[in-house]
Ligand code: G4P
């Protein structure tokens, strides 16, 4: 039992995610952060090869076949008096929707850039989500052990493309075969880099840091002076780190290193521990479940992480992690309170009560029952479909968090089951997958077809695979006449006027929200102009 107060416990939590373009080194960095944090003993635990691959994030067959991680998971470890919750986000672009949702549960993001490539398309997309949600960002420029771009050009790219002030904490002395180490801007401390010894399977230990002026032995002729000059220029030309500005999302501290060579990782972990924010006060509403008789009007409230009542929201539901059990695990991000195993929590939007007897904490090498948890923690709650993405849970059942976005799908297909006798099963299965947030489901007002929407093609493959494996359904996807889906809103009369004219293209999503299915992006623009009083949204906040 902890002697700290609830507020102290919340205060020592750091819940963060790593965002990166595929191949920038997110998996490798995850592994090395866990290594630096003492959560795993050997590199390779996260992404081991062959038979040793852990069943952590590759529980799905398709993940193994494709060698990609498509499900977001969380890893918890304690280091230096702090509890770190690392949210793993899938890197593949088809799964960006899942990633977006995971970011709603993060208080900070580590943006990994490949030093040779700088900002790549997926980096930009993910960054925009962080900005939308005011998530502060620490930048880690990776793969310094390979030939890198000019470091100033990299910083300038961050400044110009992300509109974010880069504050270099360290400065690289060379890259690739000429990587000598890192200089701490402001102090002139030098961290030498040790190359991997040829033929050895282990990485060499990096020597202890020392003042740059004493580090001549690590440089070749002239290099040391060049680096000292560069650092002077950098100190004068870039902003110094300012925590407030970082927390407000105007500035990003920039660290460098090589995940693969375990270089610069301890400093990154220290930066997360010292600078990343603890769980914050969150806006919410106090609201009785729908259909409550004589319910008082909803009221805006602020949820303090240190308050007694346990509150939080579900940002992801993972189904069938263990093929022997068909249960689902809802990933519950706590916003406040002191959770104890066995506690009863209520779902705000349905009023259902749940005894949380077997909550799971995810550690790097194991899963354990969570005996207690605090704001910032993510616990897995096994259930049989009671919990859905976006659900708010609390002891009173009256706290509702908003803001889990649904994104308009970019591909819409019709789905059919090969055996017509199984049509009913198909409906149930599609609803199940939509509730989990795997794909979106639209039921047109006219006709019996289901339209399935996804952000990327791979989602359909995952879906077909799961329909087969888990539900025994052999399905066919067919092109649909639709290119885009937009949630419609506005006055009742305006909406009815619009829906009346476009009845064959109107549908409902799984929560019965009205959706317009457009045949082309031109048509979306056209109806937008013709019906200026109706809103056509690309995102829908669930919850
Ligand atoms: P991702 O999760 O962001 O997609 O990237 P991942 O960590 O899988 O890394 C992509 C590739 O980049 C891997 O090589 C990995 O070993 C390499 N890598 C990551 N960090 C560094 C680094 O600091 N320096 C260098 N030189 N390489 C790095 P791969 O050959 O594609 O895969 P693998 O067979 O090594 O797993």
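One residue alone among 128, 157, 120 is away from the ligand (no atom under 15 Å from the Cβ), farther than 21 Å from residue 238 by Cβ, surrounded by fewer than 23 Cβ atoms within 10 Å (Cβ to Cβ) and in the same structural domain as residue 14 (by TED's automatic domain parsing), and that residue is 128. For residue 206, the stated conditions do not hold, so it cannot be described as touching a helix residue (DSSP H, G or I) at 6+ places or on another chain (Cβ under 7 Å) and within 16 Å of the ligand (Cβ to nearest atom).
Would you confirm whether or not segment 62-73 contains a residue that is at pLDDT 50 or above, outside the structural domain of residue 328 (by TED's automatic domain parsing) and within 15 Å of the ligand (Cβ to nearest atom)? Within segment 62-73, one or more residues are at pLDDT 50 or above, outside the structural domain of residue 328 (by TED's automatic domain parsing) and within 15 Å of the ligand (Cβ to nearest atom). Just the residues that are farther than 11 Å from residue 182 by Cβ and near the ligand (Cβ under 9 Å from one of its atoms), please, taken from segment 239-261. Answer for segment 239-261, where residues must be farther than 11 Å from residue 182 by Cβ and near the ligand (Cβ under 9 Å from one of its atoms): 259, 260, 261.
Just so you know, in segment 337-355 the residues that are surrounded by fewer than 22 Cβ atoms within 10 Å (Cβ to Cβ) and either out of contact with any strand residue (DSSP E or B) (no Cβ under 7 Å at 6 or more places or on another chain) or in a loop (DSSP other than H, G, I, E, B) (or both) include one that is modelled with the lowest pLDDT, and it is 349.
Whether any residue in segment 266-285 is in contact with a helix residue (DSSP H, G or I) (Cβ under 9 Å, 6 or more places away or on another chain) and assigned to a strand (DSSP E or B) is what I want to check. No, there is no match, as no residue in segment 266-285 is in contact with a helix residue (DSSP H, G or I) (Cβ under 9 Å, 6 or more places away or on another chain) and assigned to a strand (DSSP E or B). In segment 482-519, of all residues being under 30 Å from the mean Cα position of the chain (by Cα) and not in a strand (DSSP E or B), the one that is surrounded by the fewest Cβ atoms within 10 Å (Cβ to Cβ) corresponds to 512. Of the numbered criteria (1) surrounded by fewer than 16 Cβ atoms within 10 Å (Cβ to Cβ); (2) more than 23 Å from residue 212 (Cβ to Cβ); (3) at pLDDT 95 or above, the one residue 196 fails is (3). Report yes if some residue within segment 39-57 is at pLDDT 75 or above and more than 10 Å from the ligand (Cβ to nearest atom); otherwise report no. Checked segment 39-57: at least one residue is at pLDDT 75 or above and more than 10 Å from the ligand (Cβ to nearest atom). Across segment 211-223, the qualifying residues are those that are within 40 Å of the chain's Cα centre (by Cα) and assigned to a helix (DSSP H, G or I), and the one among them that is farthest from residue 168 (Cα to Cα) is 218. Of all residues in segment 1-26, those satisfying the criterion of being within 16 Å of the ligand (Cβ to nearest atom) and surrounded by fewer than 21 Cβ atoms within 10 Å (Cβ to Cβ) are 22, 23. Restricting the search to strands (runs of 3 or more DSSP E) fully inside segment 398-481 and requiring at least 1 residues that are under 20 Å from residue 102 (Cα atoms) gives 404-407, 440-444, 450-454.
Considering (1) under 22 Å from the mean Cα position of the chain (by Cα); (2) under 18 Å from residue 540 (Cβ atoms), the lone condition that residue 457 does not fulfil carries the number (2). Can you find a residue that is assigned to a loop (DSSP other than H, G, I, E, B), touching a strand residue (DSSP E or B) at 6+ places or on another chain (Cβ under 6 Å) and surrounded by 13 or more Cβ atoms within 10 Å (Cβ to Cβ) anywhere in segment 535-542? No, segment 535-542 contains no residue that is assigned to a loop (DSSP other than H, G, I, E, B), touching a strand residue (DSSP E or B) at 6+ places or on another chain (Cβ under 6 Å) and surrounded by 13 or more Cβ atoms within 10 Å (Cβ to Cβ).
The values are calculated or read from the model by the stated rules, or taken from the named source; none is laboratory data. Bear in mind the structure is a predicted one, so any value in this text is a computation, not a measurement. All Cβ positions, even for glycine, are placed from backbone atoms using ideal geometry, and neighbour counts span all protein chains on display.
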